[in-house]
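Chemist: Attaching a single structure in structure tokens format; questions to follow.
The values are calculated or read from the model by the stated rules, or taken from the named source; none is laboratory data. Keep in mind the model is a prediction, meaning the values are calculated, not measured. Backbone-built Cβ (ideal geometry, glycine too); neighbour counts: all protein chains shown. All accessible areas refer to the heavy atoms of the entire protein, side chains included, with ligands and DNA or RNA removed. Shrake-Rupley method; radii C 1.70, N 1.55, O 1.52, S 1.80 Å.
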Amino acid sequence: MLIEIETVTADRTREVGRALASMLQPRDTVVLTGDLGAGKTTLVQGIGRGLGVEDHVASPTFTLVREYTGRLDIAHVDVYRLDRVQDVLDLALDELGGPERVLLVEWGDAVSDLLPEDRLLVEITTERVDAETRRIVLRPQGRSWAARWERLEQVLDPFHSPDPRTLDEAAP
């Protein structure tokens, strides 16, 4: 099971995040992977807006963890700069943000053994032909996401249609 979407603008990537936010539940873990600068934080910005976060959502690359308050709280973690498993353990990912939070982990594939088995994997890559184009692939793991899969497909279905920018460029 997977969903594959392409976006050509940062705003469209945020819209995907906002739609994804409607499916998130307390204690969900979303693992974000992909190229450096591919749009992981941009997607998280959309998730934040979708969860009612009013603060600016920024990359936690240098702070490791940023927490936001919304309909569901967010613990946004970036493990890119962590060199040792102990560094990740010291973050106590399972305790961040309390019981009503969503855990979003950038570069989470590097620490997948330390994350809950029930999670949504989101891979974002840039297309070589057009550096603006983002390919977003979502893969569920675990019972919780399997139970929500059909609904997630419905929520993200509008993003399978052409990006509005593509339609504008194709107009005479």
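Chemist: Can you give me the number of residues within region 98-126 that are assigned to a strand (DSSP E or B) and either open to solvent by 30 Å² or more (accessible area, probe 1.4 Å) or among the charged types (D, E, K, R) (or both)?
Modeler: Matching residues across region 98-126 total 6.
Chemist: Considering every residue within region 131-152, establish whether at least one is at pLDDT below 85 and closer than 25 Å to residue 3 by Cα.
Modeler: yes
Chemist: Kindly provide the set of residues from region 41-61 that are part of a helix (DSSP H, G or I) and open to solvent by less than 10 Å² (accessible area, probe 1.4 Å), ordered by number.
Modeler: 43, 44, 46, 47, 48
Chemist: Go through (1) under 14 Å from residue 123 (Cβ atoms); (2) open to solvent by 10 Å² or more (accessible area, probe 1.4 Å) and name the single condition residue 14 misses.
Modeler: So residue 14 meets the others, but not (1).
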